[in-house]
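Enquirer: Pasting in a structure now, in structure tokens, and then I'll have a few things to ask.
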Amino acid sequence: MSLNIHPIIVHFPIAFLFVYSFVKILPLHKWLPNVAWLDIQKILVTVGVLGAFVASSTGEIASELVQVNHDLIEAHELFAGITTWLYVILLISEFLPWINLKFIEKLQQYKIYNLSLILEKFISNKTLGILLAFCALVAVVCTGMLGGVIVYGPTLDPLAPILLNILGINL
């Protein structure tokens, strides 16, 4: 007998990543300048991404335990993957300046270091970060909505039928 722990595990990374997106998008550093927002962002996205990988592995097990529309499961997995990788990019953007300073610079491989600096400049762009955080937030909401449809059906969330219609999923 297998136990479906996915619904227990999945809520933690969702919460961390959801809050991370709001911290990244909103100008909290202007409203509350004495708070270490960059450190908070790093903690939120790190714990969230690690939890997302755990949730993904438990989701693989859960998909074998439930009998639901295959298209619905595939859409949920797709959005979960998109969500995870968008947040992985954001995680890299949070830590790349530190990695460049502590490790890449000390390798004395100037081509790698210069390439890494170009990547850092691109990926650490504030506007790009906000856009990625917004896209990741939309992806996590869609993933959660599809997960809710898997567990509770399409009638509990009033927006679920709209998303299902957009995705072309008929239940």
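Enquirer: Only one residue in Asn114, Asn100 is touching an Asp or Glu at 6+ places or on another chain (Cβ under 6 Å) and polar (S, T, N, Q), so which one is that?
Expert: Values: Asn114 fails: touching an Asp or Glu at 6+ places or on another chain (Cβ under 6 Å).
From the options Asn114, Asn100, the qualifying one is Asn100.
Enquirer: Filter region 1-47 down to the residues that are touching a helix residue (DSSP H, G or I) at 6+ places or on another chain (Cβ under 9 Å) and not in a helix (DSSP H, G or I), then identify the one that is nearest to Ile89 (Cα to Cα). Step through it out loud before you land on a result.
Expert: In the first step, residues of region 1-47 are kept if they are touching a helix residue (DSSP H, G or I) at 6+ places or on another chain (Cβ under 9 Å); the result is 2-25, 28-29, 35, 37-38, 40-47.
Subset that is not in a helix (DSSP H, G or I): 2-5, 10, 35.
Values: Ser2: 33, Leu3: 32, Asn4: 29, Ile5: 27, Val10: 20, Val35: 24 Å.
Going through the qualifying residues, I end up with Val10.
Enquirer: Would you be able to say whether some residue in region 81-90 is out of contact with any helix residue (DSSP H, G or I) (no Cβ under 7 Å at 6 or more places or on another chain), in contact (Cβ under 8 Å) with a residue 12 or more places away in the chain and surrounded by fewer than 16 Cβ atoms within 10 Å (Cβ to Cβ)?
Expert: Quick first cut of region 81-90, residues out of contact with any helix residue (DSSP H, G or I) (no Cβ under 7 Å at 6 or more places or on another chain) only: 81, 85.
The next check asks that each one be in contact (Cβ under 8 Å) with a residue 12 or more places away in the chain; those that pass are 81.
Pick out the ones that are also surrounded by fewer than 16 Cβ atoms within 10 Å (Cβ to Cβ) and you get 81.
There is at least one residue in region 81-90 that is out of contact with any helix residue (DSSP H, G or I) (no Cβ under 7 Å at 6 or more places or on another chain), in contact (Cβ under 8 Å) with a residue 12 or more places away in the chain and surrounded by fewer than 16 Cβ atoms within 10 Å (Cβ to Cβ).
Enquirer: Additional query: Kindly evaluate Thr83 against the criterion of being in contact with a Leu (Cβ under 9 Å, 6 or more places away or on another chain), at negative phi and assigned to a helix (DSSP H, G or I). Walk me through it before giving the result.
Expert: Numbers: in contact with a Leu (Cβ under 9 Å, 6 or more places away or on another chain): yes; at negative phi: yes; assigned to a helix (DSSP H, G or I): yes.
Spelling it out, Thr83 is indeed in contact with a Leu (Cβ under 9 Å, 6 or more places away or on another chain), at negative phi and assigned to a helix (DSSP H, G or I).
Enquirer: Quick test of your reading of the structure: Gly59 fulfils all but one of (1) modelled with pLDDT of 90 or more; (2) within 18 Å of the chain's Cα centre (by Cα). Name the failing condition by number.
Expert: Every listed condition holds for Gly59 apart from (1).
Enquirer: Quick one: count up the residues across region 117-171 that are hydrophobic (A, V, I, L, M, F, W, C) and outside any helix (DSSP H, G or I). Before you say what the answer is, go through the steps one by one.
Expert: Residues of region 117-171 hydrophobic (A, V, I, L, M, F, W, C): 117-119, 122-123, 128, 130-142, 145-146, 149-151, 156, 159-160, 162-164, 166-167, 169, 171.
With outside any helix (DSSP H, G or I) added as a condition, the list becomes 156, 159, 169, 171.
Qualifying residue count for the region: 4.
The values are calculated or read from the model by the stated rules, or taken from the named source; none is laboratory data. Predicted, not measured: the structure shown is a model, and the values here were computed from it. In this analysis, Cβ positions are derived from the backbone assuming ideal geometry, glycine residues included, and neighbour counts consider all displayed protein chains.
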